[in-house]
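I have placed the structure first, in the form of structure tokens, so that the comments after it can refer back to it.
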């Protein structure tokens, strides 16, 4: 089992024929992802990577029955692409694109919610169900199948965390990179209950960072609803205030959004909080051998 | 990206947000000319830097004669202004804004920012103008009125009513003026892809008019491509030259005050690396994200920028190789050490795809100041030891 995606899910790629879309779609196909086609306006009717190309998402959905879209459309056009997917009946859009204007994402997300479409990202590595389905840009070989679910704002920390879990002899059910922008799709609070319900997931790793309060919301949620053990790391304990640390959303404004307040809230919720990401693997081992 | 007060007020004026009249000046002579042009008998001379707290630092002064305008402009232009937001090194004042004096009856606060939890803009208003809003939020949160505006419907009269009743504005004429003020400010925020707007203080004059006495604006960098008029307002002297140089090469760099230079791929891992160095008893000298394509050129540029900082005693290169394989990155690092004279120990940790091949490449290269590490903890530990040994 897994959450959100598996080898049966039919996936289309928006921005299919672009260089990023092509490179990563090829890698996803090699991993086993069931990519059934893609969308690039004015290239409808062509074939790309052995799959049909469509002019619109609606055509792609009608012809293939796809329910998931992986979005590589450039930042200036990504909101449009996401809204198009929502109206065409896509159930989950995984938005890889980095640098989308915040105003556009507010609009796109509101529209997605209105049409019942879930979104992941933007500016994220995507989602992977180990050894089944990769929808994103992560190195698939790191994610060995196992019993740990992973949710992370950061791409490379996702890989770091998964790699440590595997080195300790465990593995991953599904890993979700939720992205570090100010406006993101699915977050801890929506993903945690999915892992709670997934019979194969026995522990959850959540990796957060400074800025915003999603981790605080997650702490409250964990306290009341999550019975499986959770290990957490919050990046940016040593980050200066008022500076944006790479991710658009990773900024401590005034006294809000510090690593410390998030770590304290998670600890109070019974989460095993590690001070260094180097201890994620060991902490998973500890909670799973209890 | 941030802009100066005088630039924010230019934008306000375009949208009909009322401000006192003012003219920017680069020299005392220009300041005098500006004061003549504005007329009246009282002026404010305001230092233009990208930081709050200018008044307390001595960068905002009242002049009651043209001679005084000249004298104050002479004092303020060229001064290094230190405020709680500039850091101890302060900021050089290169421009002053000459503004007509205003008849201040009340000082209020008005701002627009993104409410990340509600995922829409929120207008914040307070009767405690002139005070730092974070302080008000801590000490008397009940004095801040917050009204979120759904962009799908835009600013509606009920938003305005929530604001004026929340602030206790009872005069009907004043209510109307304030609602218009807030509505126009919301339009500025949306149209210009602002990240935040802050007017502190927003004043009520004796005549019951509302004026933006100050103006601060920051913009969403990702949306600047569609606002060339904002990009033109960029003042590069307000930006850190190293951060700027790094950005030109696609690197994200922020200087800190420790001893261990960090070069990492990915913003999260870069922060996590700083945290780990700290945890191991060392101090990080910087945040540096080399991005997804760590190659010889980006790594060499990273070394160059890190080594500009004389406090750096060791460098920790921490790369998690995904799609870009570690063996390639290892070769890139070796090449970079030939391109730049790296005179401090460099601890290299490469993990992920083809990590073993990479370790072999580094070991065989046999460069004395390159120290291979097996994982994040090992690398951080070795970097801390190397920095201590170098003292």
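We did not get these values from a lab; they are worked out from the coordinates using the rules stated. Since the structure is predicted, the reported quantities are computational estimates derived from the model, not experimental observations. All Cβ positions, glycine included, derive from the backbone under ideal geometry; neighbour counts span all protein chains shown.
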Nearest-ten-degree value, helix A:155-167 long axis tilted from longest Cα axis of chain A: 70 degrees
Whole Å is fine, so just give me how far the alpha carbon centre of the stretch B:31-59 lies from that of the stretch B:368-387. 53 Å
Length-normalised contact order for the stretch A:1-130 - Cα pairs under 8 Å, 6+ apart - percent: 22 percent
Enter the angle in degrees (range 0 to 90, nearest 10) between the Cα long axis of helix A:259-268 and the first principal axis of the Cα atoms of chain A, meaning the one along which they spread out most. 70 degrees
Convert 10 °C to kelvin, take the viscosity as 1.306 mPa s, use the Kirkwood radius over C-alpha pairs of the stretch A:11-120 as Rh, and evaluate the Stokes-Einstein diffusion coefficient in µm²/s, rounded to a whole number. 118 µm²/s
Give me the percent of DSSP beta bridges within the protein assembly as shown that run antiparallel, rounded to the nearest 5. 50 percent
The stretch B:114-133 residues near the modelled residue B:104 label - backbone nitrogen below 14 Å, point 7 Å along Cα→Cβ: B:128-132
Over chain B, the sum of -39500 (n - 2.57) across DSSP H runs of at least four, divided by residue number and rounded to 500 deg cm²/dmol, gives at 222 nm -11500 deg cm²/dmol
May I ask for the equivalent-ellipsoid semi-axes of the stretch B:241-389, computed as the square root of five times each C-alpha gyration tensor eigenvalue and listed largest first in whole Å? 19, 17, 15
How many percent of all Cα-Cα pairs in the stretch B:104-238 sit more than 28 Å apart? 17 percent
Here P(r) for the stretch B:18-101, Cα-Cα distances in 5 Å bins, as whole percents, is 3, 18, 29, 23, 15, 8, 3, 0
Rounded to the nearest 5, the percent of antiparallel DSSP beta bridges in the stretch A:64-137 equals 35 percent
What Rg and what Dmax come out for the protein assembly as shown when only alpha-carbon atoms are used, in angstroms? 26.7, 81
Quick one: work out Rg over Rh on the C-alpha atoms of chain B, Rh as Kirkwood radius. 1.08
Can you give the direction-averaged projected area of the convex hull of the alpha-carbon atoms in the stretch B:161-303, in nm²? 12.9 nm²
I'd like the distance separating the alpha-carbon centroids of the stretch A:177-192 and the stretch A:254-277, in whole Å. 17 Å
Of the residues B:95, B:313, B:338, which exhibits the maximal mean-square fluctuation in a Gaussian network model of chain B defined by a 10 Å Cα contact cut-off? B:338
Under a GNM of chain B (C-alpha, springs under 10 Å), which listed residue has the highest mean-square fluctuation: B:109, B:253, B:225? B:225
Once each part is reduced to its C-alpha centroid, what is the distance from the stretch B:281-324 to the stretch A:122-145 in angstrom? 26 Å
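Tell me what chain A gives for mean residue ellipticity at 222 nm when only DSSP H runs of n ≥ 4 count, each as -39,500 (n - 2.57), the sum divided by the residue total, rounded to 500 deg cm²/dmol.
The helix contribution divided over chain A gives -10000 deg cm²/dmol.
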Output the antiparallel fraction of DSSP beta bridges having both residues in the stretch B:241-389, as a percent to the nearest 5. 20 percent
Please give the helix A:19-31 orientation as an angle from the longest Cα principal axis of chain A, in degrees from 0 to 90, rounded to the nearest 10. 70 degrees
Only Cα pairs under 8 Å and at least 6 apart count here; give the relative contact order of chain B as a rounded whole percent. 12 percent
Shape call for the stretch A:230-290, from the Cα gyration tensor axes a ≥ b ≥ c (a/c under 1.5 means rounded, otherwise prolate when a/b beats b/c, else oblate), comes out prolate
A chain fully extended from residue A:255 to residue A:113 at 0.36 nm per residue, minus the present Cα-Cα distance, gains in nm 48.0 nm
So, for the Cα atoms of chain A, Rg and Dmax in Å stand at 18.4, 57
At a threshold of 8 angstrom on Cα-Cα distance, excluding pairs fewer than six apart, so keeping six or more, what relative contact order does chain A reach in percent? 14 percent
How much length, in nm to one decimal, is gained on full extension between residue B:338 and residue B:366, taken as 0.36 nm per residue of separation minus their Cα-Cα distance? 8.8 nm
Arrange A:174, A:227 by Cβ neighbour counts within 10 Å, fewest through most, would you? A:227, A:174
For each of B:210, A:72, A:23, count neighbouring Cβ atoms within 10 Å of the residue's Cβ, then give the residues from fewest to most. A:23, B:210, A:72
Radius of gyration, Dmax [the stretch A:138-288; alpha carbons; angstrom]: 14.1, 42
